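Enquirer: The following block contains the structure, expressed as structure tokens.
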Amino acid sequence: MVFSPIRATNLRAEVVEQIRGAIVNGQLKPGDHIVEKMITEQLGVSRTPVREALILLESEGLIVSSLHRGSFVRTFIPADVTEIFTMRTALENLAAELIIDRLTDADLTHFAGLIQRQREVIDQHDFKNVRSIDMSFHRGFIDRAEHPLLKKNWEAIVAQIAALLYLRAEAIPNYDEYRAVRDHQAILDAYAAHDLARVAAENRRINERVAGECMLSVRQHRSE
């Protein structure tokens, strides 16, 4: 059997990464029209990988498309925020049920290291890596659950959360980034105590608070 080259698949992945990054980092803002011709010219690619990328990004909930109007960056409404964060809470609490008695001392040390690294990048005002480490902390618990369907559903909302956190940063310019450090420490302490109810309560508390902050930013953006 002779296999076909996979360059096109790799190319599509690169296009997806660039467009997703532009949305998550606020270069493409909610409601912005995504012009295929402009993207193909800037990236130096044909329209095929761009169209494939837009289909994938629509499935991730980052863009919306219509037959006659084209593709636009998704504009969130308050109900979206509630849906996203309640789902995140449910998924992270399911992961906690699966791993609460399986985390090793090495795992706990790893998560503690991420928290320390988060403090360092905040001190350096390296906010791109702040977001990355934040997601790595939460993703670590999801990965250790070794539950592919759980992971798939969690990953499906991560990019949407990242986009919402960018809006939060715009709406709350002096946001206390160390709050996330304290949140992560609270979660880790609960895991270290093997206290499932405490982990679940922390996940719920944190996600409800962040949802409220994102709700404020969504309402502010829609009123502009």
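The values are calculated or read from the model by the stated rules, or taken from the named source; none is laboratory data. Quick caveat: nothing in here was measured; it's all calculated off a predicted structure. Glycine also receives a Cβ, built like all others from the backbone with ideal geometry; neighbour counts cover every protein chain displayed. In case anyone asks, the SASA skips ligands and DNA or RNA and just uses the protein heavy atoms, side chains included. Shrake-Rupley method; radii C 1.70, N 1.55, O 1.52, S 1.80 Å.
Enquirer: Is it the case that the stretch 75-97 has a residue that's among the β-branched types (Val, Ile, Thr), under 14 Å from the mean Cα position of the chain (by Cα) and closer than 29 Å to ALA13 by Cβ?
Expert: Yes, the conditions are met somewhere in the stretch 75-97.
Enquirer: Of these, ARG20, ARG12, which one is without any contact (Cβ under 8 Å) to a residue 60 or more places away in the chain, among the basic types (Lys, Arg) and open to solvent by 30 Å² or more (accessible area, probe 1.4 Å)?
Expert: Numbers: ARG20 fails: without any contact (Cβ under 8 Å) to a residue 60 or more places away in the chain.
After applying the criteria, what remains is ARG12.
Enquirer: Output the qualifying pairs, or none if there are none: Cβ atoms under 7 angstrom, residues six or more apart or on different chains, first residue in the stretch 188-204 and acidic (Asp, Glu), second residue surrounded by 18 or more Cβ atoms within 10 Å (Cβ to Cβ) and outside any loop (DSSP other than H, G, I, E, B).
Expert: Hits for this filter: GLU202/ILE187; GLU202/ALA190.
Enquirer: While we're looking at this one, here's another question. With respect to TYR166, is the statement that it is in a helix (DSSP H, G or I), of a type in the set (Ser, Thr, Tyr) and closer than 18 Å to LYS128 by Cβ true? It would help to see each step written out before you state the result.
Expert: On the way: in a helix (DSSP H, G or I): yes; of a type in the set (Ser, Thr, Tyr): yes; closer than 18 Å to LYS128 by Cβ: yes.
Yes; evaluated as a whole, the condition is true for this residue.
Enquirer: Moving on. Which one of VAL158, VAL199, VAL181, VAL210 is at pLDDT below 90, closer than 18 Å to GLU92 by Cα and surrounded by 14 or more Cβ atoms within 10 Å (Cβ to Cβ)? Full working, then the answer.
Expert: Numbers: VAL199 fails: at pLDDT below 90; VAL181 fails: at pLDDT below 90; VAL210 fails: at pLDDT below 90.
Checking each option against the conditions leaves just VAL158.
Enquirer: Restricting to the stretch 56-79, count the residues that are open to solvent by 50 Å² or more (accessible area, probe 1.4 Å), outside any helix (DSSP H, G or I), under 25 Å from GLN220 (Cβ atoms) and of a type in the set (A, V, I, L, M).
Expert: 2
Enquirer: A follow-up question, please. Would you tally the residues in the stretch 213-224 being in a helix (DSSP H, G or I) and either open to solvent by 70 Å² or more (accessible area, probe 1.4 Å) or of a type in the set (Asp, Glu) (or both)? First the steps, then the outcome.
Expert: At the first step, the residues of the stretch 213-224 found to be in a helix (DSSP H, G or I) are 213-223.
Those left that are additionally either open to solvent by 70 Å² or more (accessible area, probe 1.4 Å) or of a type in the set (Asp, Glu) (or both): 213, 216, 219-220, 222-223.
So the answer is 6.
Enquirer: Among the listed residues THR109, THR86, which satisfies the condition of being without any contact (Cβ under 8 Å) to a residue 40 or more places away in the chain, among the hydroxyl-bearing types (Ser, Thr, Tyr), part of a helix (DSSP H, G or I) and open to solvent by 20 Å² or more (accessible area, probe 1.4 Å)?
Expert: None of the others qualify; the one that does is THR109.
Enquirer: Please work out which residue is modelled with the lowest pLDDT, limiting yourself to the stretch 161-178 and to residues that are open to solvent by 60 Å² or more (accessible area, probe 1.4 Å) and in contact with a helix residue (DSSP H, G or I) (Cβ under 7 Å, 6 or more places away or on another chain). So that I can check it myself, show each step before the final result.
Expert: Applying the first criterion (open to solvent by 60 Å² or more (accessible area, probe 1.4 Å)) to the stretch 161-178 yields 166, 170, 173-174, 178.
From what's left, in contact with a helix residue (DSSP H, G or I) (Cβ under 7 Å, 6 or more places away or on another chain): 166, 170, 178.
On the way: TYR166: 85, GLU170: 82, TYR178: 95.
Per the criteria, the residue is GLU170.
Enquirer: Now for a different question. Given the conditions (1) open to solvent by less than 70 Å² (accessible area, probe 1.4 Å); (2) under 20 Å from the mean Cα position of the chain (by Cα), report the number of the one that PHE127 does not fulfil.
Expert: Exception for PHE127: condition (1).
Enquirer: Tell me, which residue of the stretch 23-55 that is of a type in the set (Asp, Glu) and in a helix (DSSP H, G or I) is most open to solvent (accessible area, probe 1.4 Å)? Talk me through it step by step, then tell me what you get.
Expert: So the first thing to find is which residues in the stretch 23-55 are of a type in the set (Asp, Glu), and the list is 32, 36, 41, 52.
Filter once more, so that each one left must be in a helix (DSSP H, G or I): 36, 41, 52.
On the way: GLU36: 45, GLU41: 117, GLU52: 73 Å².
The extreme case among them is GLU41.
Enquirer: Out of (1) in contact with an Asp or Glu (Cβ under 7 Å, 6 or more places away or on another chain); (2) without any contact (Cβ under 8 Å) to a residue 24 or more places away in the chain, the odd one out for HIS138 is which?
Expert: HIS138 satisfies every listed condition except (2).
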